């Protein structure tokens, strides 16, 4: 089928193409040297606006952080478990015992009755010992690691 030179081909428009398709060469234009086209048709996959790009970036970063932080902490816990803990306990200075807060380490409590009378009795908190087992290190004298403090005791 041959086309008459007076007929023109319709232009095809597509939202997926950056530039319209060129019309095919006519038989009379074969002998002419034509310059190379400066742009070729490109296919656009999707058009993103700035908010979409930011939302995708934030989503990917959130997933990466959500996976990365637990992995990092898990490796730190494993490394800490391999090292010996030799740090002395801060509240008891490594002794494993703390001075009783009621009798101030004497083992006896003095009560003023009035009229210059005083009554001295054995401390009911420490049972007269003057000290209590350290509640931080449980008497070991070694400062527990942060994640090893699973049991909290009230010393009152």
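Every number in this text was worked out from the coordinates using simple rules, so none of it is lab data. Remember, it's a predicted structure, so these values are computed and weren't measured experimentally. Every residue, glycine as well, gets a Cβ built from its backbone with ideal geometry; the counts of neighbours run over all protein chains shown.
A few comments on the model shown:
- Members of the range 97-145 found to be in a strand (DSSP E or B), more than 27 Å from residue 83 (Cβ to Cβ) and within 41 Å of the chain's Cα centre (by Cα), listed by number: 99, 132
- Within the range 77-96, the set of residues being part of a loop (DSSP other than H, G, I, E, B) and surrounded by 10 or more Cβ atoms within 10 Å (Cβ to Cβ) comprises 85, 87, 89, 90, 91, 92, 93, 94, 95, 96.
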